[in-house]
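Accompanying notes for the structure given below.
The values are calculated or read from the model by the stated rules, or taken from the named source; none is laboratory data. Everything quoted here is computed from the prediction, not taken from an experiment. In this analysis, Cβ positions are derived from the backbone assuming ideal geometry, glycine residues included, and neighbour counts consider all displayed protein chains. SASA here: full protein model, heavy atoms, side chains in, ligands and nucleic acids out. Shrake-Rupley method; radii C 1.70, N 1.55, O 1.52, S 1.80 Å.
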Amino acid sequence: MNSADSQHPKFGPGDEALAALPTVYRDDLFAGKVVLVSGAGSGIGKAIAFLFARLGATLAICGRKADKLEDCAEKLRALSGREVITYPMTIRDPEQVDAMLSAVWERLGGVDVLVNNAGGQFAAHAMDFNVKGWNAVIDTNLNGSWYMMQGAARRWVEQGRPGNIVNITAAIDRGLTGMAHTTASRAGVIALSRTLAIEWAEHGIRLNCIGAGAIESNGFNNYREENVSTFYSCNPMKRAGDVQDIAEAVVYLAAPSGKFITGEVLNVEGGMLLWGEFWPAGKPDYFKVDQE
Ligand SMILES: CCCCCCCCCCC/C=C/C(=O)SCCNC(=O)CCNC(=O)[C@H](O)C(C)(C)COP(=O)(O)OP(=O)(O)OC[C@H]1O[C@@H](n2cnc3c(N)ncnc32)[C@H](O)[C@@H]1OP(=O)(O)O
Ligand SMILES: NC(=O)C1=CN([C@@H]2O[C@H](COP(=O)(O)OP(=O)(O)OC[C@H]3O[C@@H](n4cnc5c(N)ncnc54)[C@H](OP(=O)(O)O)[C@@H]3O)[C@@H](O)[C@H]2O)C=CC1
């Protein structure tokens, strides 16, 4: 997405709108804090970065595409007047993760909050997955998030300072048809976070997950139009969430409001776990009920 497109994306708010979205938080909540957001060049990650910048944080952002990151960083600098570090890399490569974390720690002296937002999947029925596709999703969402978590935690322990991790996952408790690979990877991140919340409590490290439902964002561009339309009716609210719903939930968990919360999953999904159908790869005939 180039700079012009980022003002008028097909899905979700443009940059100008993003910078002015209403928020319940006070504008110095993260003053003096450093926040690292992965996948912040677009969609939900960008909204998270914008909100933390508005709340006084210094941002470091990473993702694969340098141009998207730089475009986002320019807007963040204009918004906050503070330094913003960009680091193009893939979270799938542990060496690139390590190099990025070292660079951020060196430039900013450390990080207070890590938001593991980078990730994704493709919509397909599980019978049709090939090995490469399965591995790509697991490697990105599960392994990538793990490298980031361990790398940050090691540095926090070394420095003797507390840390805070929020992982963006999906609302998977009822399964997600057409996304079996992502449910496996997100369940892995959730189980990992619960376990690490115990192991790393002695170091003052808190870890929590957001279970996102259908959130209107740049990510919708990866799905066929006829399937995207179902994302707006897959919950009792019969609408998609917006990127600020996730950004504000992340801030709630990362701020002092979340100081007694760890190992938790906060589902932000408009009630989708109670009711609704979601068919990102199309509805199989088996589930089609004749309407009389
Ligand atoms: C019960 C009610 C439930 C309601 C639920 C609501 C729940 C929430 C979910 C809402 C919708 C979800 C939204 C989002 O998550 S938005 C999106 C986030 N962004 C993305 O997903 C980014 C786009 N995806 C990717 O980047 C890729 O999918 C991937 C993660 C796999 C990374 O791929 P990469 O580009 O790095 O490529 P690789 O070379 O490593 O691997 C590509 C291989 O992957 C396979 N593949 C890719 N696409 C498809 C496809 N469409 N069908 C089948 N297989 C696919 C394939 O093996 C690729 O290899 P080849 O290219 O060599 O064939
Ligand atoms: N939108 C929704 O309804 C939902 C989204 N989610 C999850 O929320 C997160 C954000 O998604 P969303 O904003 O919607 O979609 P986007 O596709 O806009 O965001 C995904 C981000 O992840 C980055 N990314 C992907 N792979 C890698 C990698 N290997 N290394 C580094 N960065 C990577 C991308 O950056 P780049 O292009 O530079 O690689 C991109 O900025 C994802 O994990 C997504 O699966 C979960 C449930 C629902």
For this session: Using a cut-off of 14 Å between beta-carbons, work out the net charge of the residues near Thr86 (Lys and Arg +1, Asp and Glu -1, Thr86 not included).
Result: +3
Exercise. Near the amide H of Val268, under 5 Å away, which other amide H atoms are found, from residues 5 or more places off or on another chain, if H is placed in the peptide plane?
Worked result: Gly211, Ala212, Gly213
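So what is the calculated 222 nm ellipticity per residue for the chain, using -39500 (n - 2.57) for each DSSP H run with n of 4 or more, over all residues, to the nearest 500 deg cm²/dmol?
Result for the chain, helices only: -11000 deg cm²/dmol.
Cβ under 12 Å from Leu176's Cβ, Leu176 left aside: what net charge do those residues give with Lys, Arg +1 and Asp, Glu -1? Spell out each step's value before the answer.
Working: positive: Arg174, Arg186; negative: Asp173, Glu269, Glu277.
Cβ neighbours under 12 Å give a net charge of -1.
Under 1.5 on a/c is rounded, so check that first for the range 99-199, then, if it is not, pick prolate when a/b is larger than b/c and oblate when it is not; a ≥ b ≥ c are the square roots of the alpha carbon gyration tensor eigenvalues. Don't skip to the answer; put the middle values down first.
Numbers: a/c = 3.03, a/b = 2.05, b/c = 1.48.
Judged from the Cα gyration tensor, the range 99-199 comes out prolate (a/c at least 1.5, a/b above b/c).
What number comes out for the charge environment of His203, summing +1 per Lys or Arg and -1 per Asp or Glu over other residues with Cβ under 12 Å away?
+1
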Problem set entry | Backbone HN-Hα couplings from phi across the range 262-276 [Karplus 6.51/-1.76/1.60, Hz, Gly and Pro as x] | 8, x, 9, 10, 9, 7, 10, 8, x, x, 4, 6, 9, 7, x
Seminar exercise, completed: Dividing the surface of the Cα convex hull of the range 151-292 by four yields a projected area in nm² of 10.0
Seminar exercise, completed: Amide H neighbours of Ile168 at under 5 Å, excluding residues fewer than 5 places away on the same chain, with H built from the backbone geometry, are Asn116, Asn117, Ile210
For this session: Can you send over the carbon and sulfur percentage of the accessible area for the range 13-272, probe radius 1.4 Å, protein chains only?
Result: 52
Problem set entry | Options Ala66, Ala124, Pro162, ranked by Cα towards positive dipole end of the chain, top entry (Cβ charges) | Pro162
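What Kirkwood Rh does the chain have if only Cα atoms enter the pairwise 1/r average? Answer in Å.
Values: mean 1/r = 0.0520 Å⁻¹.
Computed over the chain, the radius equals 19.2 Å.
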Problem set entry | Probe 1.4 Å, accessible area per residue of the chain, Å² | 47
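In percent, how large is the relative contact order of the chain, given Cα pairs closer than 8 Å and 6 or more residues apart? Intermediate results must be reported in sequence, preceding the final value.
Working: 551 pairs, mean separation 53.0, N = 292.
Relative contact order for the chain comes out at 18 percent.
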Problem set entry | Residue-by-residue Karplus 3J(HN,Hα) for the range 7-18, coefficients 6.51, -1.76, 1.60, Hz, glycine and proline x | 7, 9, x, 5, 10, x, x, x, 4, 5, 5, 4
For this session: Let me know the number of lysine pairs in the chain closer than 27 Å at the Cα, not counting same-chain pairs under 8 apart.
Result: 22
Problem set entry | Rounded to whole Hz, the Karplus (6.51, -1.76, 1.60) HN-Hα couplings of the range 113-118, x for glycine and proline | 9, 10, 10, 8, 10, 4
